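Beneath this line is the structure, given in structure tokens, with notes to follow.
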Amino acid sequence: MYLLRISLICLFVIGLMVGCASQKTEVAEESAVPITKESAAPTAPAATEVSLAVTGMTCGACVAKVQGALANIDGVINAAVSMPGSAVVKVNEKVTVAQLTEAVTGAGFSAKVSE
């Protein structure tokens, strides 16, 4: 029984190897298109870091809740929240400090800009 099982596994593996080896892959030719200034991607808005002092967080779930609230704001690039009560939020120029503090307040905590 053991030899039969090993034989079937070997046949299966060999079948896969033969099947995969027989497939032809085609490589598309790359066309040389010069990139001009007009076709280049527009530059991203400048990013700014905002430091917040968050009060009321007592555990990891609180940190996750605040981080999620900040990350849901359109224009937030990254939000790093840590205990006992700080958040560093990387935002683009569209995001205001009021939006950040309102999001934290909406999550059940309070926040103000820290120096």
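Among the residues making up the range 56-94, a single one is in a helix (DSSP H, G or I), within 23 Å of A46 (Cβ to Cβ) and in contact (Cβ under 8 Å) with a residue 24 or more places away in the chain: L70. Among all residues of the range 63-72, there is none that is in contact with a strand residue (DSSP E or B) (Cβ under 8 Å, 6 or more places away or on another chain), at pLDDT 90 or above and of a type in the set (K, R).
The values are calculated or read from the model by the stated rules, or taken from the named source; none is laboratory data. Predicted model only: the values in this text are computed from it and were never measured. All Cβ positions, glycine included, derive from the backbone under ideal geometry; neighbour counts span all protein chains shown.
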